[in-house]
Amino acid sequence: MFGIVVATHGEFGIEMVATLQMILGSTEGIQAIALLPSESLEGFKTKMEETLKKVDSKNEGALVLVDMMGGTPFNVAMLTAQTHRLQVVTGVNLPMLIKLATGQDESDLETLAVETQKVAREGVVTSVELLKGKKV
């Protein structure tokens, strides 16, 4: 089973994981970390590495879901990916987390990252599309 870290600015990711647990119940191998305003890049990097040790204790690999490309959580995840078996996916959302929480054992890490991206994209619809019958 792959570990999952949700890394975001502020407590957005922590609340998203709490919402996931409200929907699915207990989830193993998924933790969130928050970049706080007072936190340094090095402090957040340490937090990332400590969390990865918890969710990926068997060194099978982990997905790091971040809120946006180019921000500190993304940059730290990309730096960490140079020394750890990670895939980083931007634009974390609830459908993405549900997919991961219910399918962590389904495939290899790279495929799971691509599938996660696909689920996230499919989860974004507009009322115009729904009313025209394009998506349901």
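The set of residues in segment 57-104 that are crowded, with 22+ Cβ neighbours inside 10 Å and part of a loop (DSSP other than H, G, I, E, B) contains only 92.
If you scan segment 78-112, which residues turn out to be among the aliphatic types (A, V, I, L, M) and either without any contact (Cβ under 8 Å) to a residue 40 or more places away in the chain or farther than 22 Å from residue 20 by Cα (or both)? Show your work before the answer.
First, the residues of segment 78-112 that are among the aliphatic types (A, V, I, L, M): 78-79, 81, 86, 88-89, 92, 94, 96-98, 100-101, 109, 112.
Hits for segment 78-112 are 78, 79, 81, 86, 88, 89, 96.
When both residues are 6+ apart or on different chains and their Cβ atoms are under 8 Å apart, which pairs have a first residue that lies in segment 117-132 and is more than 14 Å from residue 65 (Cβ to Cβ) and of a type in the set (D, E, K, R), and a second that is modelled with pLDDT of 85 or more and not in a helix (DSSP H, G or I)? Filtered contacts from segment 117-132: no entries. Among residues of segment 22-35 that are under 11 Å from residue 102 (Cβ atoms) and at pLDDT 95 or above, none has a Cβ under 6 angstrom from a residue that is of a type in the set (Phe, Trp, Tyr) and surrounded by fewer than 13 Cβ atoms within 10 Å (Cβ to Cβ) at a sequence gap of 6+ or on a separate chain.
For segment 79-94, the condition of being among the charged types (D, E, K, R) and either in contact with a Phe, Trp or Tyr (Cβ under 8 Å, 6 or more places away or on another chain) or modelled with pLDDT of 95 or more (or both) holds for none of the residues. Residue count for segment 100-114 under the criterion of being out of contact with any Leu (no Cβ under 9 Å at 6 or more places or on another chain) and either of a type in the set (S, T, N, Q) or at pLDDT 85 or above (or both): the result is 4. Being surrounded by 14 or more Cβ atoms within 10 Å (Cβ to Cβ), among the hydroxyl-bearing types (Ser, Thr, Tyr), in contact with a His (Cβ under 8 Å, 6 or more places away or on another chain) and not in a loop (DSSP other than H, G, I, E, B), is that true of even one residue in segment 45-52? Within segment 45-52 (the criterion being surrounded by 14 or more Cβ atoms within 10 Å (Cβ to Cβ), among the hydroxyl-bearing types (Ser, Thr, Tyr), in contact with a His (Cβ under 8 Å, 6 or more places away or on another chain) and not in a loop (DSSP other than H, G, I, E, B)), the answer is no, since none of the residues qualifies.
Residues that are under 15 Å from residue 3 (Cβ atoms) and out of contact with any Leu (no Cβ under 9 Å at 6 or more places or on another chain) occur in segment 68-82; there is at least one.
If residue 121 meets every condition in (1) at pLDDT below 95; (2) surrounded by 14 or more Cβ atoms within 10 Å (Cβ to Cβ) apart from one, which number is that one? With respect to (1) at pLDDT below 95; (2) surrounded by 14 or more Cβ atoms within 10 Å (Cβ to Cβ), residue 121 is out only on (2).
The values are calculated or read from the model by the stated rules, or taken from the named source; none is laboratory data. This structure is a prediction, so every number in the text was calculated from the model and none was measured. Positions of Cβ are backbone-derived with ideal geometry, glycine not excepted, and every protein chain shown enters the neighbour counts.
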